[in-house]
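Undergrad: The structure follows.
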Amino acid sequence: MNLMNFQRKAISQIQEAIESGKEEVIFKSCTGSGKTIMLTHFMDEYLKSHANTVFIWFTPGKGNLEEQSKKKMDAYIHGAHTKLLGDVMTGGFLENDCCFINWELLNKNDNLAVRNGEHTNFIEYIQKARDAGLNFILIIDESHMNDSKKSAVIINYFKDDKSHSSSCKIPIIRASATPNGYDHNNPSVQFIEVPETDVIEEGLIKKMLIINEGFPVTILTNEITKLEGETQVSYLLNKALEKQKDLRSKFLKFGENVNPLILVQMPNSSDALLDEVQKWFEEHGISFENGKLAIWLSENGRSKFSRHENLDGIEDNCAEQEALIFKMAVATGWDCPRAHILVKLRDHEGEKFEVQTFGRIRRMPNAHHYGDNSLDSCYLYTWDNKFTEGAKAFLDHGAWDAAYIHLKDEFKSVSLKSQQRPDVVEENDAEDTMKSVVNHYQKKYSLSVGKKLGENKTLLQKAGYVFSDRIVVSAKMGRTETLNASAMNKMYDSDFAIPLNTHTHGRQFHHEVGILGTELSLKYETMITVIRRIFYKASKDSSGKYPLLELGVRELYSFVINNADRLKDDFHEAITELDAAVQKTLTFDPSEITEKEFHIPHVCLFTYDGSDKSQKIYSKNVYADYRESAEVRSMPERKFEEFCEHCDFVKWFYKNGDKGTDFYSVAYKDGSGKIRLFYPDYVLGTIDGIWIIETKGGFSASGQSQNIDDFAPRKFEVLKGYLTANKLKGGFVRTNRKQKLCICTERFSDDIDGDDWQLLEDVMK
């Protein structure tokens, strides 16, 4: 299967942490990010280059998660040596084993697996494996659920080596969406987090949680809404079913047979409420009898209804079940990507927000976004303010109130040319990548191409690149009374040169090439071609365009391994920087992109912070009821919208979306030839015509740039060309260190105090 860039990066980070000797890795990855995919691929990669290794994967006690995880690895990794506890108790541990074990099976007091007796028990199998020279690595899945004394005892089985006088150090990977606290200052612990924004960007999970969509905004009207002929329960269920039907219709318009599922979570002790919910659904044509209603109660739940009913096939996108009633959080590891809507019915005291429950409605049905905010979001309907507050606190900038707002009639005729890329996008082009990389090295290090390659080597050595026929390893030397980063940095570096072994170091070479590929969004096969064409003396490139060095096989291996970090930095700079020498090669062939007329969407799903005291309506926005409390907005965006509302030069403004064919976009190429889409933040109607504005991070009081977009120079140039071609105006806007809005219209510069930036209030007046 094809791994996402963030997944490949996480796999590399975990492997680097284990290989560097970290005793514990805390791996934080949100529900829906493919945590199992990443860990199973890590195990496979690690076993390829580390003999005599056995992985032990511990799972929580409920839901048969160990069997699910084993099945996933069998599906993802062809020929994997996977086992369950029963297999271990039959044949022990063997090299390359990946053993999936339920904690509960070892934690029980009457557990035969750890009891002394006639047959070899689990502990004895561990010792036999050690005696055979096998090494263990432990993976604690859903680690937040297994932080107990009993679990610590199980871990100690692996640390207690009777053949040595001291305990063994066993690498442990603790994986969770919500890991428990750990010591940040402990040098033996590595924290690795998959950014949730990366998972959202890849389309694996929904972009945001929308809370109580369609509820009256009483903060504006100061009126209390009366429930005429409805109960609190029926009001929520009505909203949920309306949303379910709306989503179902929209999926069909996209040509996809996805039947969105409503999850209804009941309080733990209310059978009367369960009767009410079942009756309501039956009145609306959703019942156990017609297969559209399902129920999943915990083992401790008390109800006259079956604990499990109509659950077969419920995970399928086109399954007929439209609602699932449950009490406790559904089983850990249960995946139903079509679950879109959660109705949380409260008890008298309210319940805390549960990440596990929320995770059930977070996945995207087909692992991609649709460019329609309603389909790319999940929904919560509840009267439970405590639960709502917990959701907002956990998601930070991902849980908001929402309402549909409508485009004012006078803006329905606004039209722009929007650029789109083809539906099928090829991977980054090796030829364009080589051009960008070679140009970068020429400019940064004054290298020559195809000649004077010995001088190139000297210039790179002066810049800090290491050339050796050995692998250079650095270690700290000195003494310290405290083990912290500051004290360690004050020690001396001691370098060791290890003879190159093409067998063992060959694996490390291929590993580093793979990481470089991740940086450039290139497959390994393409990345190795780029490396060889630029640095390898036996390259078949007869054109002389690309060689910068002429290294042999052994030299190439050591060059890549010894300079891995420098290569990553330089390659990343190469594809993000803007340079006239390569810019000509990054223009479009007319067949590569398409243009279509863009009109502002007539209806907008508007998300906002309902708890914000400031709910002023911006009259200049193209939508009615567009509020000052709009979310998600960066600080420069907030300041810019406020500026537009009060600036006489601006007649109206529109906040563009950030993804999808329904929004306005401009195409550009990065330095590897990959076509990307740029969605400018704002379209403005002004006294002298339409302006296109992109906002960027500003500067701190100390003058530190807060712009994290490495492609900003490229985007600026392509926007400038687009504006010229279409006789429009615009530029980039950001705040300076005094939080004043400034605009750049002619040449992009990161020097906010330079002549390229002007005060926005001076330009738009």
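The values are calculated or read from the model by the stated rules, or taken from the named source; none is laboratory data. Remember, it's a predicted structure, so these values are computed and weren't measured experimentally. Cβ coordinates were reconstructed from backbone atoms using ideal geometry, including for glycine residues, and neighbour counts include every protein chain displayed. These accessible areas exclude ligands, DNA and RNA; they are computed on the full protein's heavy atoms, side chains included. Shrake-Rupley method; radii C 1.70, N 1.55, O 1.52, S 1.80 Å.
Undergrad: Could you tell me which of the residues Lys48, Lys28 is closer than 16 Å to Ile140 by Cβ and basic (Lys, Arg)?
TA: None of the other options fit; the residue is Lys28.
Undergrad: Shifting gears a bit: Between a first residue in region 522-535 that is more than 19 Å from Arg507 (Cβ to Cβ) and a second residue that is at pLDDT below 90 and β-branched (Val, Ile, Thr), which pairs have beta carbons less than 6 Å apart while being 6 or more apart in sequence or on different chains?
TA: Short answer, once both residue conditions are applied: Val530/Thr433.
Undergrad: Does Ser188 qualify as being at pLDDT below 90 and farther than 30 Å from Ser614 by Cβ? Break it down stepwise before answering.
TA: On the way: at pLDDT below 90: yes; farther than 30 Å from Ser614 by Cβ: yes.
Yes.
Undergrad: Given the options Glu309, Glu322, Glu351, name the one that is in contact with a strand residue (DSSP E or B) (Cβ under 9 Å, 6 or more places away or on another chain), modelled with pLDDT of 90 or more and open to solvent by 10 Å² or more (accessible area, probe 1.4 Å).
TA: Working: Glu309 fails: modelled with pLDDT of 90 or more; Glu351 fails: modelled with pLDDT of 90 or more.
Sole residue among the options that is in contact with a strand residue (DSSP E or B) (Cβ under 9 Å, 6 or more places away or on another chain), modelled with pLDDT of 90 or more and open to solvent by 10 Å² or more (accessible area, probe 1.4 Å): Glu322.
Undergrad: Among the residues of region 354-369, what is the count of those that are modelled with pLDDT of 90 or more and not in a loop (DSSP other than H, G, I, E, B)?
TA: Count: 1.
Undergrad: I'd like the residue in region 1-43 that is of a type in the set (A, V, I, L, M, F, W, C) and under 11 Å from the mean Cα position of the chain (by Cα) and, out of all such residues, is nearest to Ala564 (Cα to Cα).
TA: Within region 1-43, the match that is nearest to Ala564 (Cα to Cα) is Ala10.
Undergrad: Right, another one. Is it true that some residue in region 614-628 is within 21 Å of Tyr379 (Cα to Cα) and of a type in the set (S, T, N, Q)?
TA: Checked region 614-628: no residue is within 21 Å of Tyr379 (Cα to Cα) and of a type in the set (S, T, N, Q).
Undergrad: Looking at region 392-432, which of the residues that are part of a loop (DSSP other than H, G, I, E, B) and modelled with pLDDT of 90 or more is least open to solvent (accessible area, probe 1.4 Å)?
TA: Step by step, filter region 392-432, then rank; the result is Val414.
Every residue, every condition in (1) on the phi < 0 side of the Ramachandran plot; (2) at pLDDT 85 or above, yes or no:
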site: Asp681; (1), (2): yes, yes
site: Gly689; (1), (2): no, yes
site: Ile693; (1), (2): yes, yes
site: Phe699; (1), (2): yes, no
site: Ser702; (1), (2): yes, no
site: Gln706; (1), (2): yes, no
site: Lys720; (1), (2): yes, yes
site: Gly730; (1), (2): no, yes
site: Met764; (1), (2): yes, yes
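Undergrad: With Phe653, Phe649, Phe678, Phe663 as the choices, which residue is closer than 18 Å to Phe411 by Cα, aromatic (Phe, Trp, Tyr) and touching a helix residue (DSSP H, G or I) at 6+ places or on another chain (Cβ under 6 Å)?
TA: Numbers: Phe649 fails: touching a helix residue (DSSP H, G or I) at 6+ places or on another chain (Cβ under 6 Å); Phe678 fails: closer than 18 Å to Phe411 by Cα; Phe663 fails: touching a helix residue (DSSP H, G or I) at 6+ places or on another chain (Cβ under 6 Å).
Going through Phe653, Phe649, Phe678, Phe663 in turn, the sole match is Phe653.
Undergrad: Just need a number here: residues in region 51-79 that are farther than 16 Å from Asp141 by Cβ and among the aliphatic types (A, V, I, L, M).
TA: So the answer is 4.
Undergrad: What about Val466, is it modelled with pLDDT of 65 or more and assigned to a strand (DSSP E or B)? Even if it seems obvious, please write down each step before you answer.
TA: Values: modelled with pLDDT of 65 or more: yes; assigned to a strand (DSSP E or B): no.
For Val466, the condition - modelled with pLDDT of 65 or more and assigned to a strand (DSSP E or B) - is not met.
To keep it simple, each residue is scored yes or no on (1) in contact with a Gly (Cβ under 7 Å, 6 or more places away or on another chain); (2) surrounded by fewer than 20 Cβ atoms within 10 Å (Cβ to Cβ); (3) in a loop (DSSP other than H, G, I, E, B).
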{"position": "Phe716", "(1), (2), (3)": "no, no, no"}
{"position": "Leu723", "(1), (2), (3)": "yes, yes, no"}
{"position": "Lys727", "(1), (2), (3)": "no, yes, yes"}
{"position": "Glu746", "(1), (2), (3)": "no, yes, yes"}
{"position": "Asp750", "(1), (2), (3)": "no, yes, yes"}
{"position": "Gly754", "(1), (2), (3)": "no, yes, yes"}
{"position": "Glu761", "(1), (2), (3)": "no, yes, no"}
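Undergrad: Can you tell me which of (1) at pLDDT below 75; (2) acidic (Asp, Glu); (3) exposed (fewer than 13 other Cβ atoms within 10 Å of the Cβ) is the one Asp541 doesn't meet?
TA: Status for Asp541: all satisfied but (3).
Undergrad: Restricted to region 14-33, and to residues that are at pLDDT 90 or above and open to solvent by 20 Å² or more (accessible area, probe 1.4 Å), which residue is nearest to Pro337 (Cα to Cα)?
TA: Looking at residues that are at pLDDT 90 or above and open to solvent by 20 Å² or more (accessible area, probe 1.4 Å), I get Lys28.
Undergrad: Looking at region 646-657 only, could you name the residues that are open to solvent by less than 50 Å² (accessible area, probe 1.4 Å) and not in a loop (DSSP other than H, G, I, E, B)?
TA: Val650, Trp652, Phe653, Tyr654, Lys655
Undergrad: Just give me the residues in region 658-679 being open to solvent by 10 Å² or more (accessible area, probe 1.4 Å), hydroxyl-bearing (Ser, Thr, Tyr) and either modelled with pLDDT of 85 or more or in a strand (DSSP E or B) (or both), in sequence order.
TA: If the condition is that a residue be open to solvent by 10 Å² or more (accessible area, probe 1.4 Å), hydroxyl-bearing (Ser, Thr, Tyr) and either modelled with pLDDT of 85 or more or in a strand (DSSP E or B) (or both), then Tyr668, Tyr679 are the ones that fit.
Undergrad: How about region 370-382: which of its residues are touching a Leu at 6+ places or on another chain (Cβ under 7 Å) and assigned to a loop (DSSP other than H, G, I, E, B)?
TA: Asn373, Ser374, Leu375
Undergrad: Name, by its number, the condition in (1) modelled with pLDDT of 65 or more; (2) open to solvent by less than 70 Å² (accessible area, probe 1.4 Å) that does not hold for Glu124.
TA: (2)
Undergrad: Then there is this: Check off (1) open to solvent by 10 Å² or more (accessible area, probe 1.4 Å); (2) hydrophobic (A, V, I, L, M, F, W, C); (3) at pLDDT 90 or above for Ile139 and give me the number that stays unchecked.
TA: In the conditions (1) open to solvent by 10 Å² or more (accessible area, probe 1.4 Å); (2) hydrophobic (A, V, I, L, M, F, W, C); (3) at pLDDT 90 or above, Ile139 misses (1) alone.
Undergrad: I'm trying to understand the selection: among the residues of region 589-645, which are among the hydrophobic types (A, V, I, L, M, F, W, C), over 31 Å from the mean Cα position of the chain (by Cα) and open to solvent by 50 Å² or more (accessible area, probe 1.4 Å)? Lay out the reasoning, then the answer.
TA: The initial filter retains those residues of region 589-645 that are among the hydrophobic types (A, V, I, L, M, F, W, C), namely 593, 598, 600, 603-606, 617, 622, 624, 630, 632, 635, 640, 643-644.
From the residues that got through so far, the ones that are over 31 Å from the mean Cα position of the chain (by Cα) too are 617, 622, 624, 643-644.
The answer is Ile617, and nothing else.
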